[in-house]
Amino acid sequence: MGANLNDLVTVSRYFGSDPKWVVAGGGNTSFKDDDVLYVKASGFPLATIDEGGFARMDRGKLAVIWDTEYPSGKDAAAVAEREKMVLADMMAARMPGEERRPSVETLLHNLLPWPLVVHLHPTLVNGLTCGVRGPEIAVEIFGDTQEWIPVCNPGYVLAKHIRSALVHRSARGLDSPDYILLANHGVFVGGRDAEEIQGKYRRLHETLKNRLVYRPGTMPVTAPLPGDAEALKRVASGLFGDSAKLEFITGGELDRYLADDEAAAPLTGSLTPDHIVYSGPGALFLGAKNPAEDWSSAAEAYIGKWGKPPNITLLNNGSGIPGALAAAAGRKALGNAVLLLKNTLEVCAFSESFGGPLGMEEPLVRFIVNWEVENYRSRMTSG
Ligand SMILES: [Zn+2]
């Protein structure tokens, strides 16, 4: 007996309920038979998902997307037009009566050769995928059992890259890889059944753990707002509206990044799409300025650049207490922003063993900030 929809639910919950594998809403899973792909729908956390959390997709219609010509230009208008067309075709590939919104990585799930596929963004694995020496160390450790996919736009472009990588592998006489490692993103693992996938993930985790030369120290903790708390709350409301929530965190691994804007670069940049979705396109470095007086104008400049206010603002020693102001609209969004800031600290620490952290280039960050599907995901998870 091969895998079935039940196995998909079981394996999704197994990974989804362990923070070692899943942080916030990141990751998606699928099961396929000859005709139908069941892929995680947006808005259903893996930890508690049941059969109702998967969108049913017509595999034949998804395959036709590869024969369709989309705008190939690299300018913003062509990219936006292509993404709109692909999204429309993907939505049209749902089975009759299907209302749920399939994962942004649906095309990719459909083309992978295994019945069960689990795609995750694990913290330790992202230490490797966000490492300067990630590609060479991946080859050194896993050889041809891995396939390294250089950083690229998620969704259609990523699926296209992996599709041609798999074609090249089979032309070279290689089997399907155990690990498809996506730079600045995560990993895809497939198998005949749940045990095979769990075994592959266990081996991945153990192997990387054995390579670590530095492990994350303590995480920053919540502390009273520094300085004029009422003034800070007014700025936060100005930025995030009436539902604004504000928190100050300080200490631990965060201290390593607060000396000056150069030291802060790993935090003012972005490591993966998840970090952008939940804690914004990089932190604002306010440095030694007085936050009650200068936060507002610095945030306006940030809004001018990114079109949204900063979730994370870094203060250094000169401001009195070094730390990070985390702000967002609503309790849940604030919790996710803090969670992903801490995750950035952990990924950066793990990446020390893989050449140090390497962030995404600004055009890619901008693509994700403007990408309708990720904005949808962010809205769904902030309630
Ligand atoms: Zn992903």
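Applied to the stretch 325-331, the Karplus parametrisation 6.51 cos²θ - 1.76 cosθ + 1.60 on θ = phi - 60° returns per-residue 3J(HN,Hα) values of 8, 10, 9, 6, 8, x, 4 Hz, with x for Gly and Pro. Taking label positions 7 Å along the Cα-Cβ direction at both Glu361 and Asp18, the computed distance is 3.6 nm, reported to one decimal. Given their separation in residues at 0.36 nm each and the Cα-Cα distance between them, Glu352 and Asp75 gain 96.2 nm when the chain is fully extended.
Straight Cα distances below 18 angstrom link Lys200 to the lysines Lys20, Lys209, with same-chain residues fewer than 8 positions distant left out. On the beta carbon distance between Ala288 and Arg133, with R0 = 25 Å, the FRET formula returns roughly 0.15. Kindly state, to the nearest 0.05, the FRET efficiency for Ala92 paired with Val221, given R0 = 45 Å and r defined as their beta-carbon distance. Approximately 0.40, to the nearest 0.05. Neighbours of Ser176 by Cβ distance under 13 Å: Lys/Arg scored +1, Asp/Glu scored -1, total 0. Split the accessible area of the stretch 69-186 by element, probe 1.4 Å, and carbon with sulfur accounts for 55%. Express as a percent, rounded to the nearest 5, the fraction of DSSP beta bridges in the chain (both residues included) that run antiparallel. Of all bridge pairs located within the chain, approximately 85 percent are antiparallel. Largest accessible area first, the listed residues Ile303, Ile137, Ile321 line up as Ile321, Ile303, Ile137 when surface is computed with a 1.4 Å probe on the assembled protein chains. Of the peptides 271-279, 179-187, 242-250, the order by per-residue mean of other Cβ atoms within 10 Å, starting with the highest, comes out as 271-279, 179-187, 242-250. Near Asn4, once Lys and Arg are set to +1 and Asp and Glu to -1 for all other residues with Cβ below 13 Å from its Cβ, the sum equals -2. Within the same chain, aspartates and glutamates fewer than 8 places from Lys245 are excluded, and of the rest, those with a Cα less than 15 Å from its Cα are Glu230.
Ranked by the mean number of other Cβ atoms within 10 Å of their residues, highest first, the peptides 258-269, 164-175 come out as 258-269, 164-175. Taking a Cβ cut-off of under 11 Å around Lys40, the surrounding Lys, Arg, Asp and Glu residues balance to a net charge of +1, with basic ones at +1 and acidic ones at -1. Seen against the Cα atoms of the chain and their longest principal axis, helix 194-210 is set at about 40 degrees.
You can think of it this way: the chain between Arg256 and Trp66 has 63.8 nm of extra reach, that is 0.36 nm per residue less the Cα-Cα gap. Using the 1.4 Å probe convention, the accessible area of the stretch 221-381 works out to 40 Å² per residue with neighbouring protein chains retained. Solvent-accessible surface of protein heavy atoms, probed at 1.4 angstrom with all chains present, puts Thr222, Thr207, Thr344 in the order Thr222, Thr207, Thr344, largest first. Helix 76-92 and the long axis of the chain differ in direction by around 50°, with both axes built from C-alpha atoms. Highest mean packing first, where packing is the average number of other Cβ atoms within 10 Å per residue, the peptides 56-67, 145-156 line up as 145-156, 56-67.
Largest GNM mean-square fluctuation among Phe142, Phe285, Phe15, using the chain with Cα springs under 10 Å: Phe142. As a length-normalised measure over Cα pairs under 8 Å and 6 or more apart, the relative contact order of the chain settles at 18 percent. Between the helical axis of 372-381 and the longest alpha-carbon principal axis of the chain there is an angle of about 70 degrees. Given +1 at the Cβ of Lys and Arg, -1 at the Cβ of Asp and Glu and no other charges, the dipole of the stretch 5-210 around its Cα centre is 360 debye to the nearest 20.
Protein heavy-atom accessible surface, 1.4 Å probe, per residue over the stretch 5-210: 41 Å². For the chain, what does -39500 (n - 2.57) per DSSP helix run (n ≥ 4), summed and divided by total residues, give at 222 nm, in deg cm²/dmol to the nearest 500? That calculation yields -13500 deg cm²/dmol at 222 nm.
What FRET efficiency do you get for Asp144 and Arg331 if R0 is 45 Å and r is their Cβ-Cβ distance, rounded to the nearest 0.05? So, using R0 = 45 Å, E works out to roughly 0.45.
Between the stretch 271-295 and the stretch 234-253, what is the separation of their alpha carbon centroids in Å? Spelled out, the Cα-based centre of one part sits 11 Å from the other. Where both bridge residues fall in the stretch 221-381, DSSP classifies roughly 80% of the beta bridges as antiparallel.
Dipole check for the stretch 221-381: with +1 at the C-beta of Lys and Arg, -1 at the C-beta of Asp and Glu, and the Cα centre as origin, the magnitude is about 560 Debye.
Comparing mean-square fluctuations of Ser270, Ser237, Ser297 from a GNM of the chain with C-alpha springs under 10 Å, the top value falls on Ser297.
The values are calculated or read from the model by the stated rules, or taken from the named source; none is laboratory data. Nothing here was measured: the structure is a model prediction, and the numbers come from that model. Ideal geometry is used to build each Cβ from the backbone, glycine not excepted, and the neighbour counts take in all protein chains shown. Only protein heavy atoms, including side chains, enter the accessible area calculation; ligands, DNA and RNA are left aside. Shrake-Rupley method; radii C 1.70, N 1.55, O 1.52, S 1.80 Å.
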